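Visitor: One structure is given below, represented as structure tokens, and several questions about it will come after.
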Amino acid sequence: MTPGRSAPHPTAEKATKDAMSNATTVSPAHSASTASTLITNIAALVTNDPSLGDTSPLGLVHDAAIAIEGDRVVWTGDQRKAPATDNRVDAGGRAVIPGFVDSHSHLVFAGDRTEEFNARMSGRPYSAGGIRTTVAATRAASDAELEANLTRHLAEALRQGTTTFETKSGYGLTVEDEARALRIAAAHTDEVTYLGAHIVSPDHADDPAAYVDLVTGPMLDACAPYARWIDVFCEKGAFDGDQARAILTAGKARGLHPRIHANQLSHGPGVQLAVELDAASADHCTHLTDADVDALAHSRTVATLLPGAEFSTRAPWPDARRLLDAGVTVALSTDCNPGSSYTSSVPFCVALAVRDMGMTPDEALWSATAGGAAALRRDDVGRLTPGARADLLLLDAPSHVHLAYRPGVPLVREVWRGGVRVA
């Protein structure tokens, strides 16, 4: 796919207003009168544009219809006012929502860490190598094996409603293995992130400075052509603030935009560094000071929360309520990876966010759609407004609230991506 991109927004409120304003501009070639498909009999349509619906951030329209031409939305509104089309689809009184935007995942990997998870959940000590275990398996895998694993997870995510996804390298940690991970990922998404700075490579365990030089030098040279983003795990035991700044600054000089794993396991400099460098997203954000929250609220940096990680590690939950009340733009994502969050289900993460992180069902859905788009600095996905990509889901439910109300139930009935029914 070849997405449109634009800069996002300083606060959640401004994020909604600015992005919706951009998304509702329609060229003459996309007039509603020539729409090729009309989906009608929608009980509740989530547009994520307050001006198109009930003035809430979700922009809800009841008894609605949506018109599509090519891969774009060209009209939404009351079904009684719908334009005439040759192709009509009856939604059967279901809810329709934007496709999920999963803005943080680690899908180019090999191997399995079942034993680690089982030990953790059983309260037993476990001395295996964590990320290093996956690094060893990934290095040993062929390109075909890595791509087959990636496409399997993408199909799994698509069935659950993910229509846009980001994914990272980070399980190779050599010049060759990081570059091939990104090359494989780039064949399936434009949202590719170079994460050579996941951990210090086992090959450089005794000389972290030399590994930073590798990440910012030859590895960056090999990886930059395949990536849009650069990321770093800024945490005790990984990379400190000075190392993270050097890595992200080097990436920016090569045209990669920063995002950062920040404040997951402890308080640290990650969030402040994200704001300083205008990172698109600070991800995890579990341990925050008031200064961190204030910095996020007055920046363009999105706080991406990853409840699958807390679920899978029994770690403290991020306080989404604190962030939202401060005016921070929040995204929800899966963090799908084999060690700490092996889920590709955005609906599952929505339910966790509502149950355990203080979000309302409306806020969680916005964060998993428009919030994810903001974390990728996209205004063409995550919403169903004229001019946006026609990425949408039909739910086997009359309302989006059922995503949290009925956790674990496969509610995604149909997935449309780029105006085509794909699942």
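The values are calculated or read from the model by the stated rules, or taken from the named source; none is laboratory data. Treat the numbers as computed from the prediction; the structure is a model and nothing was measured. Cβ placement follows ideal geometry from the backbone for every residue including glycine, while neighbour counts extend to all protein chains displayed. Please note that ligands, DNA and RNA were not included when accessible areas were found on the heavy atoms of the full protein model with its side chains. Shrake-Rupley method; radii C 1.70, N 1.55, O 1.52, S 1.80 Å.
Visitor: Just to be sure I understand: of the beta bridges DSSP finds with both ends in the chain, what percent are antiparallel, rounded to 5?
Guide: Values: 25 of 54 bridges.
If I count the DSSP bridges inside the chain, around 45 percent turn out antiparallel.
Visitor: Do you know the relative contact order of the chain, to the nearest whole percent, from alpha carbon pairs under 8 angstrom that are 6+ apart? The partial results should precede the final answer.
Guide: On the way: 1053 pairs, mean separation 90.6, N = 423.
The normalised contact order for the chain reaches 21 percent.
Visitor: May I pose another question? Just grab the label-to-label distance for Y405 and D213, each label 7 Å out from Cα along the Cβ direction, in nm (one decimal).
Guide: 6.1 nm
Visitor: Give the accessible surface of the chain per residue, rounded to a whole number of Å², with probe radius 1.4 Å and ligands, DNA and RNA excluded.
Guide: Values: 15600 Å² over 423 residues.
So the chain comes to 37 Å² accessible per residue, rounded to a whole number.
Visitor: List, in order, the whole-Hz ³J(HN,Hα) value for each residue of segment 242-248 obtained from phi through the Karplus relation with A = 6.51, B = -1.76, C = 1.60 and θ = phi - 60°; use x for Gly and Pro.
Guide: 5, 5, 5, 4, 5, 5, 5
Visitor: Give, rounded to the nearest 20 debye, the magnitude of the charge dipole that segment 104-155 has about its Cα centre when Lys and Arg contribute +1 at Cβ and Asp and Glu contribute -1 at Cβ. Don't skip to the end; give the middle numbers.
Guide: Details: 6 positive and 6 negative charges, 52 e Å.
Computed charge dipole of segment 104-155: roughly 240 debye.
Visitor: Okay, next question. Hey, any idea what Rg/Rh is for the chain, computing Rh the Kirkwood way over Cα pairs? Before the final figure, lay out each step's value.
Guide: Values: Rg = 20.9 Å, Rh = 21.5 Å.
Radius of gyration over Kirkwood radius for the chain works out to 0.97.
Visitor: In terms of the Cα gyration tensor, with a ≥ b ≥ c the square roots of its eigenvalues, is segment 124-271 rounded because a/c is under 1.5, prolate because a/b exceeds b/c, or oblate?
Guide: rounded
Visitor: Where the only charges are on Cβ atoms (+1 Lys, Arg; -1 Asp, Glu), what is the dipole of segment 354-420 about its Cα centre, to the nearest 20 debye? It would help to have the intermediate numbers written out before the result.
Guide: Numbers: 8 positive and 8 negative charges, 27 e Å.
The dipole magnitude comes to about 120 debye.
Visitor: Report relative contact order for segment 314-423 in percent, whole number only (criteria: Cα-Cα under 8 Å, sequence separation at least 6). Each step should come with its number before you reach the end.
Guide: Values: 148 pairs, mean separation 24.4, N = 110.
The normalised contact order for segment 314-423 reaches 22 percent.
Visitor: Taking the Cα centre of the chain as the origin and placing charges on Cβ (Lys, Arg +1; Asp, Glu -1), which of P57, L38, G123 is farthest toward the positive end of the dipole?
Guide: L38
Visitor: Shape call for segment 331-378 from the C-alpha gyration tensor, a ≥ b ≥ c root eigenvalues: rounded (a/c under 1.5), prolate (a/b greater than b/c) or oblate?
Guide: On the way: a/c = 2.41, a/b = 1.13, b/c = 2.12.
In terms of gyration-tensor shape, oblate.
Visitor: Mind checking the dipole of the chain: about its Cα centre, +1 per Lys or Arg Cβ, -1 per Asp or Glu Cβ, Debye to the nearest 20?
Guide: Working: 37 positive and 51 negative charges, 170 e Å.
Value, rounded to 20: 820 debye.
Visitor: Hey, what did segment 373-423 get for relative contact order, percent, Cα under 8 Å, at least 6 apart? Let's see the in-between values first.
Guide: Details: 55 pairs, mean separation 16.2, N = 51.
Dividing the mean separation by the residue count of segment 373-423 yields 32 percent.
Visitor: Another question about this same structure. Which is farthest toward the positive dipole end of segment 355-423 among V412, A364, A397, measuring Cα position about the Cα centre, with Cβ charges +1 (Lys, Arg) and -1 (Asp, Glu)?
Guide: Final value for the positive-end residue is V412.
Visitor: Give a quick list of trypsin sites (Lys or Arg not before Pro) in segment 167-247 that DSSP marks as loop, anything other than H, G, I, E or B, with at most 13 other Cβ atoms within 10 Å.
Guide: Values: sites: K168, R180, R183, R228, K236, R245; in loops: R228, K236.
For trypsin sites (Lys or Arg not before Pro) across segment 167-247 that sit outside H, G, I, E and B with at most 13 neighbouring Cβ atoms in 10 Å, the list reads K236.
Visitor: Of the heavy-atom accessible surface of segment 292-365 (probe 1.4 angstrom), what whole percent is carbon and sulfur?
Guide: Values: 1200 of 2220 Å².
Accessible surface attributable to carbon and sulfur in segment 292-365 totals 54 percent.
Visitor: Follow-up question, since we're still on this one. Determine the shape class of segment 271-407: with a ≥ b ≥ c the square roots of the Cα gyration tensor eigenvalues, call it rounded for a/c under 1.5, and otherwise prolate if a/b is greater than b/c, oblate otherwise. Kindly include the intermediate steps, with their values, before the conclusion.
Guide: Working: a/c = 1.68, a/b = 1.20, b/c = 1.40.
Judged from the Cα gyration tensor, segment 271-407 comes out oblate (a/c at least 1.5, b/c at or above a/b).
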